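Note sheet for the following structure.
The values are calculated or read from the model by the stated rules, or taken from the named source; none is laboratory data. None of the values given here were measured: they were computed from a predicted structure. Here Cβ is always computed from backbone atoms with ideal geometry, including for glycine, and neighbour counts include all displayed protein chains.
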Amino acid sequence: MALLMVMNWKMHPETLAQAKTLLTATRKYIPGVIVAVPHIFLTDLARRTRAGALAAQDGHWEKTGPHTGCVSMAQIRATRTQYVIVGHAERRMAGDTDEDVGRKVLSALSLGLKVVACVGEQSRDEQGEYLLYIQKQITNIIADVPKSQRAHITIAYEPIWAIGAEHPMEAHDMHQMVLFIRKILFESIGPSGRSIPILYGGALTAETLADMAQNGEVDGFLVGRASLDTAQLKEMGATLKAL
Ligand code: PGA
């Protein structure tokens, strides 16, 4: 199965013109890509792309209301965007609790959006406490999702210590984490957990993609910095083709 590639532009680029250029290059090199762009560009970019190519980077769970600076899942849906990232580490650091993330997941799914829900520990400890932390984050995301909507969820595992770092985690360690996440999903929702895609994110580059794809047992990637660099995009596209 083709790997699912989700690009997370975060708060880049500065202008709509730059966003259009970057989106065109991204789609040229990586067919089937999903690009998570800043809210302000969604409306314009959604007009220029096939349905399913864009994601929002976050969304509020209420449809409308007194939430200055926020954008609702309903507003995102109205732009014809089909995906939304929820629970990214940078949103959690800005205050999103597990409970907020759970509400966002349910709101997005109920409006027909597909969700990329992020989890990841701050650091690892020898006692394995971080595994309980991941378990709690995942259970919180998945437990209340109606059965009929589970197919619209993707889990992105992004250890916070790898986001923005020099190197991604080891592919072998990711393989272990995928097994662990699969076990949690199975325990929480049964066999349907098997078909939920699991992505890796954190310092992924064109150079590290092949190893992680072949040895990490992942279903795809959530890419930050490298998604802003056309040389990286081109190389990632070539690597994906050769896999
Ligand atoms: P990075 O970011 O690839 O720049 O480490 C990944 C992310 O935060 O999604």
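Tabulated data
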| quantity | calculated |
| --- | --- |
| Conditions (1) farther than 21 Å from residue 4 by Cα; (2) charged (D, E, K, R); (3) within 16 Å of the ligand (Cβ to nearest atom); number of the one not met by residue 58 | (1) |
| Unmet requirement for residue 193, which otherwise passes all of (1) modelled with pLDDT of 95 or more; (2) buried (at least 19 other Cβ atoms within 10 Å of the Cβ); (3) over 24 Å from residue 10 (Cβ atoms) | (1) |
| Unique match (being buried (at least 17 other Cβ atoms within 10 Å of the Cβ), more than 26 Å from residue 18 (Cβ to Cβ) and of a type in the set (S, T, N, Q)) among 127, 135, 122 | 135 |
| Wholly enclosed helices (runs of 4 or more DSSP H) of segment 168-243 bearing at least 1 residues away from the ligand (no atom under 16 Å from the Cβ), over 28 Å from residue 20 (Cα atoms) and over 19 Å from the mean Cα position of the chain (by Cα) | 171-189, 206-215 |
| Residue identified as within 16 Å of the ligand (Cβ to nearest atom), touching a residue at least 24 places away in the same chain (Cβ under 8 Å) and either of a type in the set (Val, Ile, Thr) or more than 17 Å from residue 222 (Cα to Cα) (or both) among 37, 71 | 37 |
| Qualifying residue in segment 150-172 (condition: of a type in the set (A, V, I, L, M), surrounded by fewer than 16 Cβ atoms within 10 Å (Cβ to Cβ) and within 23 Å of residue 90 (Cα to Cα)) | yes |
| Some residue of segment 94-107 being surrounded by fewer than 18 Cβ atoms within 10 Å (Cβ to Cβ), within 16 Å of the ligand (Cβ to nearest atom) and free of Cβ contacts under 8 Å to residues at least 40 places away in the same chain | yes |
| Output for segment 58-78, where each listed residue is out of contact with any Asp or Glu (no Cβ under 9 Å at 6 or more places or on another chain), assigned to a loop (DSSP other than H, G, I, E, B) and either acidic (Asp, Glu) or surrounded by 14 or more Cβ atoms within 10 Å (Cβ to Cβ) (or both) | 59, 62 |
| Residue in segment 36-50 that is part of a strand (DSSP E or B) and under 17 Å from residue 117 (Cβ atoms) present | yes |
| Leading residue by the ranking (farthest from residue 112 (Cα to Cα)) among those in segment 139-167 that are assigned to a helix (DSSP H, G or I) and hydroxyl-bearing (Ser, Thr, Tyr) | 139 |
| Residues being touching an Asp or Glu at 6+ places or on another chain (Cβ under 6 Å) and over 16 Å from residue 156 (Cα atoms) - total across segment 191-219 | 1 |
| Only listed residue being touching a Ser or Thr at 6+ places or on another chain (Cβ under 8 Å), at pLDDT below 95 and over 15 Å from residue 120 (Cα atoms), chosen from 206, 143 | 143 |
| Single unsatisfied condition, residue 124 versus (1) of a type in the set (Lys, Arg); (2) more than 13 Å from the ligand (Cβ to nearest atom); (3) in a helix (DSSP H, G or I) | (3) |
| Residue match in segment 80-91 (condition: under 21 Å from residue 221 (Cβ atoms), at pLDDT 95 or above, within 15 Å of the ligand (Cβ to nearest atom) and part of a loop (DSSP other than H, G, I, E, B)) | yes |
